[in-house]
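Enquirer: Let me give you the structure first, and then I'll get to my questions.
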């Protein structure tokens, strides 16, 4: 489905308290999709799974907490040591905190 055009170095990030290696220098949303880390969260109303939709910052489907600040994952580049948290804490958890 996805193919990287060049070889990016892998960097370690923390996702919901677990270590995860992602390719450096690409958008966080693209890295999540390529790594199979979907859904990225759940709807606060219906609790349905959510993931990146537009991939250009127009929607807010890919919002994730990055180092304590809510960000759109499609607008953030993957860097070493990021501390990431999905809304609700896990991909499997439909509840909101």
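Every number here is computed from the coordinates shown, using simple stated rules; none is lab data. Computed from a prediction, not measured in an experiment: that's the story for all the values here. With ideal geometry, Cβ positions are generated from the backbone for all residues, glycine too; neighbour counts draw on all protein chains shown.
Enquirer: If r is the Cβ-Cβ distance from residue 9 to residue 58 and R0 is 35 Å, what FRET efficiency results, to the nearest 0.05? Show your work: numbers first, answer last.
Expert: Working: r = 30 Å, r/R0 = 0.84.
In this case the efficiency is close to 0.75.
Enquirer: Same structure again: Suppose we keep just the alpha-carbon trace of segment 10-85; what are its Rg and Dmax in angstrom?
Expert: Final numbers for Rg and Dmax: 11.5, 35 Å.
Enquirer: Could you please rank 16, 67, placing first whichever residue has the fewest other Cβ atoms within 10 Å of its Cβ? Provide the component values of the computation, followed by the final result.
Expert: Numbers: 16 17, 67 13.
Least to most surrounded, the residues fall as 67, 16.
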